[in-house]
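**Student:** Starting off with a structure, shown below.
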Protein chains: 4
Amino acid sequence: MKPNIKNIAVLTSGGDAPGMNACIRAVVRTGIYNGINMFGVLQGYQGLISNNINPMDARSVSNIIHLGGTILKTARCLEFKTDEGMQLAYDNLKKHDIDALVVIGGDGTFTGAKRFGEKFGIRVMGVPGTIDNDLYGSDFTLGYDTAINTVVEAIDKIRDTADSHDRLFFIEVMGRDSGCIALRSAVSSGAEAVLLPEKDTSLNELITQLETGASTKKTSSIVIVSEGNKDGGAYDVAKKVKERFNHYDTKVTILGHLQRGGSPSSFDRILGSRLGFAAINELLKGNTMQMVGLRGNDVQTTSLEDALTTHSFKLESDLLEMTKVLSI
Amino acid sequence: MKPNIKNIAVLTSGGDAPGMNACIRAVVRTGIYNGINMFGVLQGYQGLISNNINPMDARSVSNIIHLGGTILKTARCLEFKTDEGMQLAYDNLKKHDIDALVVIGGDGTFTGAKRFGEKFGIRVMGVPGTIDNDLYGSDFTLGYDTAINTVVEAIDKIRDTADSHDRLFFIEVMGRDSGCIALRSAVSSGAEAVLLPEKDTSLNELITQLETGASTKKTSSIVIVSEGNKDGGAYDVAKKVKERFNHYDTKVTILGHLQRGGSPSSFDRILGSRLGFAAINELLKGNTMQMVGLRGNDVQTTSLEDALTTHSFKLESDLLEMTKVLSI
Amino acid sequence: MKPNIKNIAVLTSGGDAPGMNACIRAVVRTGIYNGINMFGVLQGYQGLISNNINPMDARSVSNIIHLGGTILKTARCLEFKTDEGMQLAYDNLKKHDIDALVVIGGDGTFTGAKRFGEKFGIRVMGVPGTIDNDLYGSDFTLGYDTAINTVVEAIDKIRDTADSHDRLFFIEVMGRDSGCIALRSAVSSGAEAVLLPEKDTSLNELITQLETGASTKKTSSIVIVSEGNKDGGAYDVAKKVKERFNHYDTKVTILGHLQRGGSPSSFDRILGSRLGFAAINELLKGNTMQMVGLRGNDVQTTSLEDALTTHSFKLESDLLEMTKVLSI
Amino acid sequence: MKPNIKNIAVLTSGGDAPGMNACIRAVVRTGIYNGINMFGVLQGYQGLISNNINPMDARSVSNIIHLGGTILKTARCLEFKTDEGMQLAYDNLKKHDIDALVVIGGDGTFTGAKRFGEKFGIRVMGVPGTIDNDLYGSDFTLGYDTAINTVVEAIDKIRDTADSHDRLFFIEVMGRDSGCIALRSAVSSGAEAVLLPEKDTSLNELITQLETGASTKKTSSIVIVSEGNKDGGAYDVAKKVKERFNHYDTKVTILGHLQRGGSPSSFDRILGSRLGFAAINELLKGNTMQMVGLRGNDVQTTSLEDALTTHSFKLESDLLEMTKVLSI
């Protein structure tokens, strides 16, 4: 049975991810196309609490599909973790007669959405928006493809300068718990080695690998280091390698937040459009407390419960194997 | 039973596609890693005929993963369609004791490979390398993702200048028989309309759509035209629209061959690496007369026979539906 | 003697040029820094006539320095050429007590500004904003550097695919009367030939040049064609060359309006910042009816009279000579 | 009187700079155009000592104008600082009858070239190739424009994510002794503050500036830090600011060597072409022991003596003033 939904709000929360604007555009226009009144919440859950909720029409999302960041902003919001904060948020939604909420973000965002939905019975649909690709239920999260392309373009530039035998480049990329960005970046850039949070790579192993490269006349070596790597970030690893291997000239790049920005790739724009389109359609079909995600080439739903509690190892194991074969 | 393969050659044929170099690198290094002697054939089938076949080592594919085009070049080769040409090609392969051939290209390439394999019993493995995404057996062909990103970046720039009410931009993209580039580009760039070879779009329909846009205060309109569109290319369509709708200022861009070039996206580098890696592994397992392709997130094989004779409609139907909803 | 200026308005007019937003930002913030009330006029002279004039504060130009296009929009405005239109414009300026006007645009813009300033005594300062680099008084106009970079990136991609002996690429770039974009693009991209509006290049000469290239084993040839070239645009030239030289495979790209867009280069952002900063400072010093421009590395003023009537041949003659030497 | 020059060699030395390949191409082709036999020296002065000197023809510099790095490589070479090393280098040049040397690099390169020229009477012409823009005699050095664009594109991405009130981004850019990259990057990216090696900026001053920004509702703040800044690099400064200003969330990016790479901008390709063209022409006119450089829009020569001993403060003072006005 189709629910009686008249007003839907959308918010973005957590770290920015390229493609969020494409998704907001799809959510708003798909809603309007289906006769729904659409609202945008500024600064994530903080905007719910402070009633920063505004009507959106089809033109309000014009010319945003190509923009990085999110026009709805995000913010950290501790208050939404309290009962009082949630109550305020709910009261504000009711002022606008809002029946359902689309939340775009990562696991922190979904945790809040799930509690909120359970507590007040408000309909909720999640869209996985995070560059880290660390959510169960979607093979690719929004922003992941763009972030990898950003990293790879940076490494391409470093490679231009890397043509001497005795030089080692250490590049730190995002990923506290997830090595997804690091692994795909390593394969795409032809890096000589990659250090991931999910794996204990001994320094000895790395050094052996670098020495093998040197002996086969590689002109340079690039090592990708996840920020969550167990032996420390790029600076720490570079220092330790230098101690053991002092004829090497070591250079460090920390990409930092530039990985969160930039115009989204085509892949992320299409993913954002698809997931936003699906989020509204699922709500209109009566679904709630779920996340829309990409599996293979299809959009499918996963319960927020499963998305939050299933700890899948998302590292692509064939890529991990390939890094060794292809960097000989 | 594993075949006795000692020497493998790789060639690229047909139109260039970004990611071909990543694939060549993967083919060569995976072969060497497995103890095979690897050879590169210059200028496609022409190089087989003129014996332009050279040994490749791991270093010969260093620093190429990020380059557009193909280090092995491609060429048109009518001679390979003749029995004499094929015989010359085969004789040259035998001079180098080459047991198997990896061919990277599109359907023309595979047609040649299939005949060649059938005629001489040489082992053949195909890799789908074409920006058009028009092959059965791989959801994405090598170069397609990069080509779309190239188109989308171009349209983003056009959008910057498109802020007046009475201006229409017509952008012609590649695709004689396939609207894949046009469709994904349209969704990614938020185009107002898209004309595809697979669909008869009446001019009336387009004009109605543009008028609706104008009435809802769209500040500009972008129309993507596949080169294979039935009403003609971008110039022709612009002219016809102008005749009917003369208060519009129409502007035309023909992207042309720049869509074939450029540094491959991360997606295409990974795809090229995966398919090259798989191509060698499939040959070593004893498979032949097949194409490796991406289905969902997995690499799978399809017989060349099927790849060439199955005419799948590869346009993503959900995207086609979405273009209407999302461009309101 | 310093004038008593309290309120200044800024507008952009004519074709968009990357860097206009950087300039608007500099104009607005420099004004505010000096205690002036600043106003933005939307859609150029049309906004003066329709009183689309709004106060701007320092925050209203935040996060725009990197954007292509112009946040103030531009529009064609025939009405401003009439006495009635000018009177309306003046009356509207007076409603806001506006003492001076900064106009960013090309020669059409300056022609209007000069008449307006003469007629009503309003203080006027021009900033050369046009990708064509066709104004006297500034070695570089705003947007020119970005446009060339855009063209060059496109040609780089085409070059990736250009590795066969018998292929000719014709790329049409902007410039109805000025070959500046074409010439710098040709030198930067290593093009084999360039056809400019300022020069009568016989087809025979071009063909001779291409034949010489072929005989010296050039693997491909790229010809840049200004849209204002006397033998026609890229399509026409390609057709004529093909007739004479039929073993060549000719390919055409028409870049069109994408040359007007894109995020401005650092050079254009600095130029826009400098010229905007100078425009306000010149007005505050009491200067009027002038244009600020870059000469060598210095910002200097030129009277609008001189900017409009001096017909300088801006093609850099050393570059013209170099194209021949460097494309051997 | 014109010298009798028949053979000229070219080398690149010191840190890579984008545009070096454009310059090598211009040197080689201008030489050949003038009937000179041209040679390329691999790995800078090291290649002179180890006789890594090869003939170059017009085709050997095809398709390199757009590539970052240098096809001739660079290397550190302590041996060239010794009399024995210089003697070996000279002997090798004589083996090839080389009459003159074009050296592309920075002040270390020129110091070596000057001593070498004085000692052996070999003709020498320098081309300023360094991203740091720290040489007297050329307003812009080769690679500087590209490096700034690289930095600015990185900061643009960071800005996408910077929309919260309490976030500070510290971006470290190259420049041990020269703040040129930092200053132009700061103006181009609209940074809130910039810390330069040439200036003692007290931490108090920076904090005051950031607090002012906060009070005027700036949504974020970006601080550019030269690696040679007296209070330390970006990490150190971020740490000190955090101690004093603990409600701020500070984020650090270290761009590192990616600033040396990348496809050269049009400006650097033209500059490289011009300077390479001029270097040969100056040698053929009989000039030696000089550097060619860009002053205003003209190519002029400076003696190596002056280039090395004149310590000009190259920071553009108007830009320094503008950063304060424009970041209000």
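**Student:** Within the stretch A:29-40, restricting attention to residues that are of a type outside the set (Phe, Trp, Tyr) and without any contact (Cβ under 8 Å) to a residue 60 or more places away in the chain, which residue is nearest to B:Arg184 (Cα to Cα)? Explain how you work it out, then say what you get.
**Tutor:** Quick first cut of the stretch A:29-40, residues of a type outside the set (Phe, Trp, Tyr) only: A:29-32, A:34-38, A:40.
Going one step further and asking which of them are without any contact (Cβ under 8 Å) to a residue 60 or more places away in the chain, we end up with A:29, A:32, A:35, A:37-38, A:40.
Numbers: A:Arg29: 18, A:Ile32: 23, A:Gly35: 26, A:Asn37: 28, A:Met38: 26, A:Gly40: 27 Å.
Only one residue tops the list, namely A:Arg29.
**Student:** Take the stretch C:103-116 and flag every residue that is crowded, with 21+ Cβ neighbours inside 10 Å and without any contact (Cβ under 8 Å) to a residue 40 or more places away in the chain.
**Tutor:** Passing the criteria: only C:Phe116.
**Student:** Out of the residues in the stretch B:80-102 meeting the condition of being among the hydrophobic types (A, V, I, L, M, F, W, C) and over 21 Å from A:Val325 (Cα atoms), tell me which one is surrounded by the most Cβ atoms within 10 Å (Cβ to Cβ).
**Tutor:** Within the stretch B:80-102, the subset among the hydrophobic types (A, V, I, L, M, F, W, C) is B:80, B:86, B:88-89, B:93, B:98, B:100-102.
Keeping just the survivors that are over 21 Å from A:Val325 (Cα atoms) gives B:80, B:86, B:88-89, B:93, B:98.
On the way: B:Phe80: 21, B:Met86: 20, B:Leu88: 17, B:Ala89: 28, B:Leu93: 23, B:Ile98: 23.
Applying the filter and picking the extreme gives B:Ala89.
**Student:** Taking the condition of being open to solvent by less than 20 Å² (accessible area, probe 1.4 Å) and either in a loop (DSSP other than H, G, I, E, B) or closer than 30 Å to D:Gly261 by Cβ (or both), how many residues in the stretch B:38-60 meet it?
**Tutor:** Taking the stretch B:38-60 as the starting set, the residues that turn out to be open to solvent by less than 20 Å² (accessible area, probe 1.4 Å) are B:38, B:40-41, B:44-45, B:47-49, B:53, B:58.
If we keep only those that are either in a loop (DSSP other than H, G, I, E, B) or closer than 30 Å to D:Gly261 by Cβ (or both) too, we end up with B:38, B:40, B:58.
Count: 3.
**Student:** Could you tell me which numbered condition A:Thr146 fails, if it satisfies all but one of (1) closer than 18 Å to A:Met291 by Cα; (2) out of contact with any strand residue (DSSP E or B) (no Cβ under 9 Å at 6 or more places or on another chain)?
**Tutor:** The number of the failed condition is (1).
**Student:** Then there's this: Which condition from (1) within 10 Å of another protein chain (Cβ to nearest Cβ); (2) open to solvent by less than 10 Å² (accessible area, probe 1.4 Å) is the one that A:Ile71 breaks?
**Tutor:** Failed condition: (2).
**Student:** A further question on this structure: Which of the residues that make up the stretch B:33-64 are more than 24 Å from B:Asp83 (Cβ to Cβ) and within 14 Å of chain C (Cβ to nearest Cβ)? Step through it out loud before you land on a result.
**Tutor:** Of the residues in the stretch B:33-64, the ones more than 24 Å from B:Asp83 (Cβ to Cβ) are B:33-38, B:40, B:54-64.
B:Ile64, the sole residue that qualifies.
**Student:** Can you confirm whether the stretch C:22-32 contains a residue that is within 14 Å of chain B (Cβ to nearest Cβ) and outside any loop (DSSP other than H, G, I, E, B)? Steps first, answer last, please.
**Tutor:** To start, the set of residues in the stretch C:22-32 that are within 14 Å of chain B (Cβ to nearest Cβ) comprises C:22.
Applying the additional criterion that residues be outside any loop (DSSP other than H, G, I, E, B) yields C:22.
There is at least one residue in the stretch C:22-32 that is within 14 Å of chain B (Cβ to nearest Cβ) and outside any loop (DSSP other than H, G, I, E, B).
**Student:** Name every residue in the stretch B:87-133 that is over 22 Å from B:Lys6 (Cβ atoms) and of a type in the set (Gly, Ala, Ser), in order of residue number.
**Tutor:** Across the stretch B:87-133, the qualifying residues are B:Gly105, B:Gly106, B:Gly108, B:Gly112, B:Gly129.
**Student:** Looking at D:Asp97, D:Asp91, can you tell me which residue is more than 14 Å from chain A (Cβ to nearest Cβ), part of a helix (DSSP H, G or I) and of a type outside the set (A, V, I, L, M)?
**Tutor:** Answer to the check: D:Asp91.
**Student:** Looking at (1) modelled with pLDDT of 95 or more; (2) in contact with a Lys or Arg (Cβ under 6 Å, 6 or more places away or on another chain); (3) within 14 Å of chain A (Cβ to nearest Cβ), can you tell me which one B:Ile328 breaks?
**Tutor:** Unmet for B:Ile328, out of (1) modelled with pLDDT of 95 or more; (2) in contact with a Lys or Arg (Cβ under 6 Å, 6 or more places away or on another chain); (3) within 14 Å of chain A (Cβ to nearest Cβ): (1).
**Student:** If you don't mind, there's one more thing I want to ask. Going through the stretch B:4-20 one residue at a time, which ones are farther than 11 Å from B:Ile98 by Cβ and open to solvent by 20 Å² or more (accessible area, probe 1.4 Å)?
**Tutor:** Once the filter is applied, which keeps residues that are farther than 11 Å from B:Ile98 by Cβ and open to solvent by 20 Å² or more (accessible area, probe 1.4 Å), the stretch B:4-20 yields B:Asn4, B:Gly14, B:Gly15.
**Student:** If you don't mind, there's one more thing I want to ask. Name the residues in the stretch D:52-78 that are in contact with a Leu (Cβ under 8 Å, 6 or more places away or on another chain) and at pLDDT 95 or above, would you? Even if it seems obvious, please write down each step before you answer.
**Tutor:** Going through the stretch D:52-78, the residues in contact with a Leu (Cβ under 8 Å, 6 or more places away or on another chain) turn out to be D:52-54, D:72-73.
Answer for the stretch D:52-78, where residues must be in contact with a Leu (Cβ under 8 Å, 6 or more places away or on another chain) and at pLDDT 95 or above: D:Asn52, D:Ile53, D:Asn54, D:Leu72.
**Student:** Across the stretch A:165-193, which residue is nearest to the other protein chains (Cβ to nearest Cβ) among those that are more than 12 Å from A:Gln259 (Cβ to Cβ) and of a type in the set (D, E, K, R)?
**Tutor:** Applying the filter and picking the extreme gives A:Arg184.
**Student:** Any residue that is polar (S, T, N, Q), open to solvent by 50 Å² or more (accessible area, probe 1.4 Å), within 24 Å of the chain's Cα centre (by Cα) and in the same structural domain as C:Leu284 (by TED's automatic domain parsing) - is there at least one of those in the stretch C:21-37? Break it down into steps so the answer makes sense when it comes.
**Tutor:** Step one: filter the stretch C:21-37 for residues polar (S, T, N, Q), giving C:21, C:30, C:34, C:37.
Restricting the remaining residues to those that are open to solvent by 50 Å² or more (accessible area, probe 1.4 Å) gives C:34, C:37.
This time we only want the ones that are within 24 Å of the chain's Cα centre (by Cα), so: none.
Checked against the condition, which is being polar (S, T, N, Q), open to solvent by 50 Å² or more (accessible area, probe 1.4 Å), within 24 Å of the chain's Cα centre (by Cα) and in the same structural domain as C:Leu284 (by TED's automatic domain parsing), the stretch C:21-37 yields no hits at all.
**Student:** Still on this structure, please answer the following. Determine, yes or no, whether B:Thr288 is at pLDDT 95 or above, under 30 Å from C:Gln259 (Cβ atoms) and more than 16 Å from the chain's Cα centre (by Cα). Please lay out each step first, then the result.
**Tutor:** Values: at pLDDT 95 or above: yes; under 30 Å from C:Gln259 (Cβ atoms): no; more than 16 Å from the chain's Cα centre (by Cα): yes.
In short, no.
**Student:** Do we have B:Cys77 as within 14 Å of another protein chain (Cβ to nearest Cβ) and surrounded by fewer than 24 Cβ atoms within 10 Å (Cβ to Cβ) here?
**Tutor:** Working: within 14 Å of another protein chain (Cβ to nearest Cβ): yes; surrounded by fewer than 24 Cβ atoms within 10 Å (Cβ to Cβ): yes.
Criteria met by B:Cys77.
**Student:** Which members of the stretch C:286-319 meet the condition of being under 30 Å from C:Ser221 (Cβ atoms) and open to solvent by less than 40 Å² (accessible area, probe 1.4 Å)?
**Tutor:** Start the filter on the stretch C:286-319 by keeping residues that are under 30 Å from C:Ser221 (Cβ atoms), which leaves C:313-319.
Passing the criteria: C:Leu315, C:Leu319.
**Student:** Please enumerate the residues belonging to the stretch B:232-276 that are over 20 Å from B:Arg184 (Cβ atoms), within 27 Å of the chain's Cα centre (by Cα) and open to solvent by 30 Å² or more (accessible area, probe 1.4 Å).
**Tutor:** Passing the criteria: B:Tyr235, B:Asp236.
**Student:** Which of (1) in contact with a helix residue (DSSP H, G or I) (Cβ under 7 Å, 6 or more places away or on another chain); (2) part of a helix (DSSP H, G or I); (3) open to solvent by 40 Å² or more (accessible area, probe 1.4 Å); (4) of a type outside the set (A, V, I, L, M, F, W, C) does A:Asn63 not meet, given it meets every other one?
**Tutor:** (2)
**Student:** While we're looking at this one, here's another question. Could you list, in sequence order, the residues of the stretch D:275-325 that are farther than 15 Å from D:Leu142 by Cβ, of a type in the set (A, V, I, L, M) and touching a Phe, Trp or Tyr at 6+ places or on another chain (Cβ under 8 Å)?
**Tutor:** Correct list: D:Leu304, D:Leu308, D:Met322, D:Val325.
The values are calculated or read from the model by the stated rules, or taken from the named source; none is laboratory data. Please read all numbers here as calculations on a predicted model, not as lab measurements. No Cβ is skipped: glycine too gets one built from the backbone with ideal geometry, and neighbour counts run over all protein chains shown. What goes into the accessible areas is simple: the full protein's heavy atoms, side chains included, and nothing from ligands, DNA or RNA. Shrake-Rupley method; radii C 1.70, N 1.55, O 1.52, S 1.80 Å.
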